[in-house]
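> Here it is: the structure, laid out below.
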Amino acid sequence: MRICFKAIDDRIGCFALIKIMEKLKVNAEVYAVATTQEEVGLKGARTSAFKIDPAYAIAIDTNAAGDTPQITERESSLKLGAGVSITIIEASGRGLIVNEKMKNVLIDAAKKNKIKYQIDVIEGGMTDGAIIHMNREGVPTGVLSIPTRYIHSPTGVFNIEDLNSAVELAVKAVGDLAK
Ligand SMILES: [Zn+2]
């Protein structure tokens, strides 16, 4: 089912965080952070990552789906309903280049639990993951995103199945990291 409303980027990230925390049953200290001012310099992620000093981090965000006429396949191959997106590179490498262990944890958890996912290499944008992974001595960080049409415009569209996949994958991956 597709859903359309305003400020999907990144209200659904906050919604996903709540669902993830409801479902998590791990023997680890887990923080869910709704960061401020991501769009204008990843500011809240910088200060909260410094305070928490995490062993691992997963940023939850939206990213531009490419299945509309204005966007070429090269600009974004992401499709609504094809699953949560696992980011490999952001902003052509100026943002996060995913840590090898985190990449494997996320992809293995998706395969093991039959969670639909798509791989994303982003030419332009970045997420909180871009600043969290450079916190202190470095933090292995992954980025899970929900493909969304028309982000940064008055209304967006996403598929609820992709949101569910993001929640499920985050829960499984945190479970694996906590072992
Ligand atoms: Zn955004």
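Derivation of every value follows stated rules applied to the coordinates shown; laboratory data play no part. None of these values were measured; they are calculated from a predicted model. Backbone-built Cβ (ideal geometry, glycine too); neighbour counts: all protein chains shown.
> What size of dipole, in debye to the nearest 20, comes out for the chain about its Cα centre when the only charges are +1 on Lys and Arg C-beta atoms and -1 on Asp and Glu C-beta atoms?
That gives a dipole near 420 debye.
> Calculate how steeply helix 8-23 sits against the longest principal axis of the alpha-carbon atoms of the chain, using the helix alpha-carbon long axis, and give the answer as 0 to 90 degrees to the nearest 10.
Once rounded, one gets 40 degrees.
> Now, a different point. Working from Cα positions, state the angle (0 to 90°, nearest 10) between the long axis of helix 43-52 and the longest principal axis of the chain.
The two axes meet at around 20 degrees.
> In nanometres, what is the gap between the two model label sites at His152 and Lys116, each 7 Å from Cα along Cα-to-Cβ?
2.7
> Full-extension gain between Met134 and Lys79, please, as 0.36 nm times their residue separation minus the C-alpha to C-alpha distance. Intermediate results must be reported in sequence, preceding the final value.
Values: separation 55, 0.36 × 55 = 19.80 nm, distance 2.97 nm.
Extra length available between Met134 and Lys79 comes to 16.8 nm.
> Name the long-range amide H neighbours of Tyr150: under 5 Å, sequence gap of 5 or more, or other chain; modelled H, no Pro or chain starts.
Counting only residues 5 or more places away or on other chains, the set is Ala65.
> For the chain, what is the relative contact order in percent, using Cα pairs closer than 8 Å and at least 6 residues apart in sequence?
Values: 354 pairs, mean separation 61.4, N = 179.
Result for the chain is 34 percent.
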